[in-house]
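Report on one structure; see the data block that follows.
The values are calculated or read from the model by the stated rules, or taken from the named source; none is laboratory data. Just so it is clear, the structure is predicted and the values come from calculations on it, not from any experiment. Every residue, glycine as well, gets a Cβ built from its backbone with ideal geometry; the counts of neighbours run over all protein chains shown.
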Amino acid sequence: MSRRAYVWELRSAMTSPMALACIEIGVIGVIARKAFDANDLLITTIAVTPAIANACTALWTHALTGRNRVHAVTIFQIVIAAAIVTIALLPQGGPWAWALIALLLIARFAMTGIYAARTDIWRSNFPRAERARVTSRITVVISTVISLSAIAIGITLDRAEHSTLGVGVVFRYIFIACAAVSLVGAWAFSHIRWRHGPNTMRQEREPASEHDRRVASPLGMYHVLSQDRDFRRYMTAQFVIGVPNLAAIAPFIIAIDEHMKLGYTSSFVLTSVLTLALPIISMPLWARLLDRMHVIRFRVFHSWFFVAANALMGIGIITENYPTLVAARSVLGIAFGGGVLAWNLGHHDFAPKRLARVYMGVHITLTGVRGVFAPFLGTLLYSGAIGLGAITITVPALGGWAFIVLAAISAWGAVLFFQLNRAVTREQQTPPPPTRRPG
């Protein structure tokens with residue numbers, strides 16, 4: 001049964017990610033910057049859309065209770081395709097730029113629904129000892145399709161700059177074609193059978209305890225964090241390590257446009273392709289490591305790759321050296337190989353089976369919270385000013401040194417994981433206090 005589910009997962013992964021390539025921040029952000037002269041605020045807002053959607057994930061925790069996860073994922077994939085087609089049909093410029101933001105939010109909101117629903121499917125269909133390796137193969141296929149799609153989009157748009165149609169028309173045809181192909185993936189995913197799904201849905205409709213009722217409610221995040229101390233400390237370290245990664249997205253797009261003046265293909269290579277393709281190489285290695293140890297210990301080793309990536313990005317921007325930027329994004333891509341696995345599977349090392357969806361909801365929601373402010377923080381550090389309506393915030397502009405500051409924050413997160421691993425290990429080695437026998 002696991003083998004059959006795996007086959008249909010792969011078939012879906014070969015086509016549905018073509019739609020995801022269109023809403024990749026590194027793709028849609030570069031198109032907005034180069035083709036439509038989007039300002040820093042719009043680019044930063046585009047970078048924030050995944051985080052705003054993630055912050056609403058707690059709603060999915062409640063909405064998916066007692067419902068079929070396979071049907072939900074299929075519907076979400078159709079919604080993403082429809083949003084991309086609508087983006088392709090939008091007029092250019094003016095207030096329509098904010099309609100683009102709204103459609104990106106809809107697509108991203110559907111993606112968070114996929115993440116929340118898929119974690120239950122993966123947990124039920126694939127055993128713990130094999131889960132990381134199986135899901136890594138699925139993720140490798142998804143990353144490959146997105147990377148190849150991004151390269152194809154970049155090459156096509158570079159040629160469109162010198163054609164009679166122009167970029168503003170060609171990108172519309174590309175988006176509609178990608179959305180159409182992605183619907184094949186939605187059809188394939190609908191054939192997956194969710195192992196023990198009916199029993200799980202029945203249990204969710206009739207919670208076994210008052211505790212489960214509280215946790216399954218919209219306030220479940222608070223109950224999980226207040227009662228599970230190790231998971232709360234893990235989320236704290238995860239929050240710190242995640243801020244600089246999200247903060248670097250928008251200023252990096254702005255910086256390579258201002259300093260490097262690259263074409264679409266070269267820009268996509270830095271912003272999307274390397275960070276999507278290199279996980280293909282590193283993910284099987286990270287998967288073997290994660291299968292053998294708790295996610296906390298895994299993060300102790302893994303986090304330092306983010307430190308190195310942010311530091312190299314700073315050096316590359318300061319020196320305006322393209323090979324250094326390629327090295328920086330390559331290290332980041334390798335880090336993402338482990339990050340994707342830990343992000344999708346790490347909560348299972350804390351969560352009881354019946355509450356895996358709730359723990360994942362907590363994780364995604366906190367990712368959204370940090371992602372709402374982190375891109376604005378990154379742009380502010382880099383540019384020295386950012387306008388939020390009638391309010392303009394100004395600080396000394398750091399330029400490329402902003403990435404060095406982000407590297408320091410990454411190092412802080414790595415230290416927190418080290419301290420947490422040491423504390424948990426010490427607690428596990430401490431024998432329980434002796435109990436007094438009656439009489």
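Condition first: β-branched (Val, Ile, Thr) and in a loop (DSSP other than H, G, I, E, B). Now tell me which residues in segment 154-205 satisfy that.
Applying the first criterion (β-branched (Val, Ile, Thr)) to segment 154-205 yields 155-156, 164, 167, 169-170, 174, 176, 181, 184, 192, 200.
Passing the criteria: THR164, ILE192.
Would you confirm, using the coordinates I've provided, whether ARG118 is in a helix (DSSP H, G or I), at negative phi, within 19 Å of the chain's Cα centre (by Cα) and basic (Lys, Arg)?
Taking the combined requirement at face value, the residue satisfies it.
Go through segment 334-361 residue by residue and tally those that are crowded, with 24+ Cβ neighbours inside 10 Å and at pLDDT 90 or above.
Selection size over segment 334-361: 1.
Output the residues belonging to segment 1-31 that are at pLDDT below 85 and either surrounded by fewer than 19 Cβ atoms within 10 Å (Cβ to Cβ) or among the aromatic types (Phe, Trp, Tyr) (or both).
Matches in segment 1-31: MET1, SER2, ARG3, ARG4, TYR6, VAL7, TRP8, LEU10.
Taking segment 175-191 as the region of interest, how many residues are surrounded by fewer than 22 Cβ atoms within 10 Å (Cβ to Cβ) and either β-branched (Val, Ile, Thr) or in contact with a Ser or Thr (Cβ under 6 Å, 6 or more places away or on another chain) (or both)?
Here the count works out to 6.
Mind listing just one residue for me: the one in segment 243-268 that is out of contact with any Lys or Arg (no Cβ under 8 Å at 6 or more places or on another chain), of a type in the set (A, V, I, L, M, F, W, C) and in a helix (DSSP H, G or I) and, of those, farthest from TYR382 (Cα to Cα)?
Step by step, filter segment 243-268, then rank; the result is PHE268.
Residues being over 18 Å from LEU89 (Cβ atoms) and surrounded by fewer than 19 Cβ atoms within 10 Å (Cβ to Cβ): count how many of those fall in segment 152-174.
Residues that pass the stated criteria total 9.
Does segment 102-125 contain at least one residue that is acidic (Asp, Glu) and either at pLDDT 85 or above or surrounded by fewer than 18 Cβ atoms within 10 Å (Cβ to Cβ) (or both)?
no
What residue, among those in segment 246-300 that are over 23 Å from PHE403 (Cβ atoms) and without any contact (Cβ under 8 Å) to a residue 24 or more places away in the chain, is surrounded by the fewest Cβ atoms within 10 Å (Cβ to Cβ)?
Ranking the qualifying residues of segment 246-300, first place goes to ARG292.
Identify, from the list TRP8, TRP60, TRP96, the residue that is of a type outside the set (S, T, N, Q) and without any contact (Cβ under 8 Å) to a residue 12 or more places away in the chain. Full working, then the answer.
Numbers: TRP8 fails: without any contact (Cβ under 8 Å) to a residue 12 or more places away in the chain; TRP60 fails: without any contact (Cβ under 8 Å) to a residue 12 or more places away in the chain.
Exactly one of TRP8, TRP60, TRP96 is of a type outside the set (S, T, N, Q) and without any contact (Cβ under 8 Å) to a residue 12 or more places away in the chain, namely TRP96.
State yes or no: is VAL240 modelled with pLDDT of 85 or more and not in a loop (DSSP other than H, G, I, E, B)?
Judged against the criteria, VAL240 is a match.
Residue under question is SER226, and the condition is that it be hydroxyl-bearing (Ser, Thr, Tyr) and modelled with pLDDT under 80; does it hold?
yes
Taking segment 32-53 as the search range and keeping residues that are of a type in the set (Gly, Ala, Ser) and assigned to a helix (DSSP H, G or I), which one is surrounded by the fewest Cβ atoms within 10 Å (Cβ to Cβ)?
ALA35
Identify, please: which residue in segment 394-429 is assigned to a loop (DSSP other than H, G, I, E, B) and touching a helix residue (DSSP H, G or I) at 6+ places or on another chain (Cβ under 7 Å) and is, among those, farthest from ILE315 (Cα to Cα)?
My answer is VAL395.
Given the structure, is THR367 polar (S, T, N, Q) and under 27 Å from THR144 (Cα atoms)?
So THR367 passes the test.
Among the residues of segment 287-321, how many are in a helix (DSSP H, G or I) and polar (S, T, N, Q)?
2
Look at segment 372-393 and say how many of its residues are out of contact with any helix residue (DSSP H, G or I) (no Cβ under 7 Å at 6 or more places or on another chain) and surrounded by fewer than 18 Cβ atoms within 10 Å (Cβ to Cβ).
The total comes to 8.
Looking at ALA116, ALA150, ALA132, ALA110, which is the one that is of a type in the set (Gly, Ala, Ser) and within 18 Å of ALA82 (Cα to Cα)?
One residue alone meets the criteria, ALA110.
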